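One structure is given below, encoded as structure tokens.
Every read-out reported here was derived from the displayed coordinates using simple, explicitly stated rules and does not represent laboratory data. Note that the structure is a prediction, hence the values are computed from the model and not measured. Ideal geometry is used to build each Cβ from the backbone, glycine not excepted, and the neighbour counts take in all protein chains shown.
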Amino acid sequence: MDITWPPFVGPLADILPTYLAIVGGYLLGSIPFGLILTKLAGLGDIRSIGSGNIGATNVLRTGNKPLALLTLIMDGGKGAAAALIAGAVAPSLGFLAAACAFLGHLYPVWLKFKGGKGVATFFGALLALAWPVGIGAMLTWLATAYFFRYSSLAALVAAAITPLYAQAVGNKALMVTAGFMAVLIFLRHGDNIRRLVKGEEPKIGKGNS
């Protein structure tokens, strides 16, 4: 799948959709649903619990499984919504907005640019941009988590292999977008990688990740 990337310079009428996709995608992605939901549920500030992460895995540490599931869905929904809304204007804008929503989750302006690790938003964006690739990435995560019991390792393996899935289906635009997001997922999992190397990373159901 070859697409023409949107213009970044030129007449206002031509570049306005591009910058609306960038800003809109980022602001949508920066909504900290994990933090909002835990506060509304009376569970306090999720940043002071477990790993301090605002994502669904850390929300699960509150013991509220339905709330963790809702966080997972809403964080994934951010990536999907950005891709679908902008993509309805032009396919290239969908890829751009999805990447910006992912950035927004990682570096939300509302939380002084200290956000989550982006895995759910990554999956949501993939499902909207090319659902077979999204399903493949999620199955890779599930298989890795099942056999090795490390949530972080599952995220890293899924992120690393997704650009290859995109290449396999001939979606060059998604290959670039997924590759960009994969690099950031690895950067955000720096501490996890160090613990994995040292054999100190807690397995699923045990400790912080």
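How tilted is helix 91-106 with respect to the longest principal axis of the chain? Cα atoms for both, answer in degrees (0 to 90, nearest 10).
Once rounded, one gets 30 degrees.
Relative contact order for region 12-198: what is it in percent, counting Cα pairs under 8 Å that are at least 6 residues apart?
Values: 301 pairs, mean separation 36.3, N = 187.
It rounds to 19 percent for region 12-198.
Let's see if you can work this out: charge +1 on each Lys and Arg Cβ, -1 on each Asp and Glu Cβ, no other charges. What is the dipole magnitude of the chain about its Cα centre, in debye to the nearest 20?
Around 760 debye, computed over the chain.
Roughly how many whole Å is it from the C-alpha centroid of region 94-143 to that of region 1-71?
A separation of 9 Å, based on Cα centres.
What list of ³J(HN,Hα) couplings, whole Hz, do you get for region 22-39 from phi and the Karplus terms 6.51, -1.76, 1.60, once you set θ to phi - 60° and write x for glycine and proline?
Per residue, the Karplus-derived 3J(HN,Hα) values read 5, 5, x, x, 4, 5, 5, x, 7, 5, x, 4, x, 5, 4, 5, 5, 5 Hz.
Give me the three principal axis extents of region 137-209 from the C-alpha atoms, as integers in angstrom, largest value leading.
39, 23, 15
If Lys and Arg each add +1 and Asp and Glu each add -1, what is the summed charge of the other residues whose beta carbon sits under 12 Å from the beta carbon of LEU106? Display every interim value, and only then the final one.
Details: positive: LYS78, LYS114, LYS117, ARG188; negative: ASP75.
Residues near LEU106 contribute +3 overall.
What ranking do 20-26, 193-199 get when scored by the average of other Cβ atoms within 10 Å per residue, highest first?
Details: 20-26: 20.7, 193-199: 11.9.
In descending order of packing, they fall as 20-26, 193-199.
Sum -39500 (n - 2.57) across every DSSP H segment of at least 4 residues in the chain, then divide by the residue count to get the 222 nm mean residue ellipticity, nearest 500.
On the way: 10 runs with 143 residues, N = 209.
Computed ellipticity for the chain at 222 nm equals -22000 deg cm²/dmol.
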